[in-house]
Amino acid sequence: MDSYPNLGVRETVNYTSKTPSLVASEATSLLWQQVFGDTKKASEFNQAWRTRDFDLGDVITQFNCFHDSDLSTNAVTIVCRGQVRLLAFDAFLGKEVSIQLLDANQIFGGDSAFCNPYGEYRAVASSKVMVLQISLHHLDVWLQDYPALFEYFSQITQSRQKLIFFKTLTELRSQNTPNLQKILPYFIRTEISA
């Protein structure tokens, strides 16, 4: 069923493999290298992830604060090949807007574990895509043993959530994502009691 016909978005059944490919292995090795500066445990870390393939327009996942979904919302995802577009609903405009276009080795998902509350969004394949996913349940073991992973994923999640905020709830919505990403480090999250 084409739930968003104007965007060419469709729900899908896709291929899942528990055996990561060479491309997928390289993605987890690169992630491990970025966080720890070596690849000593990268092979073991790679085994916790599963590979999934999607076609153009397939919904990869949907992160919704209030409703359960059949899609993999409790997972962290690495783009291995292709591009993934993150979309969020802008109530002022009354439609979904593009938040970010992710390329290979960029990460999304798991927002509920790293940022609470979080802005809702969907991830849609913008081309033929291969991703790696790890459930939050399986990732938790790694986060407990390697706190630097938690910090790394938290920084990425908070940056994405700032983009969602600015692109859907402020007058800065008209700015393109690269321009917003330049100023994001200067903003800190502050909660105001009602």
C115 fails exactly one of the following numbered conditions: (1) open to solvent by 60 Å² or more (accessible area, probe 1.4 Å); (2) out of contact with any Phe, Trp or Tyr (no Cβ under 9 Å at 6 or more places or on another chain); (3) in contact (Cβ under 8 Å) with a residue 24 or more places away in the chain. What is the number of that condition? (1)
Would you check if V131 is touching a residue at least 60 places away in the same chain (Cβ under 8 Å), in a strand (DSSP E or B), open to solvent by less than 50 Å² (accessible area, probe 1.4 Å) and in contact with a Cys (Cβ under 8 Å, 6 or more places away or on another chain)? yes
Being open to solvent by 80 Å² or more (accessible area, probe 1.4 Å) and either modelled with pLDDT of 80 or more or farther than 22 Å from L163 by Cα (or both): is that true of Q47 here? yes
Set A125, A88: member being farther than 22 Å from A27 by Cα and either in contact with a Lys or Arg (Cβ under 9 Å, 6 or more places away or on another chain) or modelled with pLDDT of 90 or more (or both): A88
Positions within segment 143-194 being open to solvent by less than 30 Å² (accessible area, probe 1.4 Å), among the hydrophobic types (A, V, I, L, M, F, W, C) and either under 19 Å from I78 (Cβ atoms) or out of contact with any Lys or Arg (no Cβ under 6 Å at 6 or more places or on another chain) (or both), in sequence order: L143, L149, F153, L163, I164, F166, L180
Tell me whether segment 90-101 contains one or more residues that are part of a strand (DSSP E or B), within 25 Å of Y186 (Cβ to Cβ) and among the charged types (D, E, K, R). yes
It is to be established whether one or more residues within segment 17-39 are modelled with pLDDT under 85 and open to solvent by 90 Å² or more (accessible area, probe 1.4 Å). yes
Looking at segment 87-104, is at least one residue of a type outside the set (S, T, Y) and on the phi > 0 side of the Ramachandran plot? yes
If I ask for residues that are at pLDDT below 95 and either in a loop (DSSP other than H, G, I, E, B) or among the acidic types (D, E) (or both), which ones from segment 142-184 would you list? T170, E171, Q175, N176
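The values are calculated or read from the model by the stated rules, or taken from the named source; none is laboratory data. It should be emphasised that the depicted structure is a prediction, and the values quoted were computed from it without experimental measurement. For neighbour counting, all protein chains shown are included, and Cβ atoms are generated from backbone atoms with ideal geometry for every residue, glycine included. Heavy atoms of the whole protein, side chains included, go into the accessibility calculation; ligands, DNA and RNA do not. Shrake-Rupley method; radii C 1.70, N 1.55, O 1.52, S 1.80 Å.
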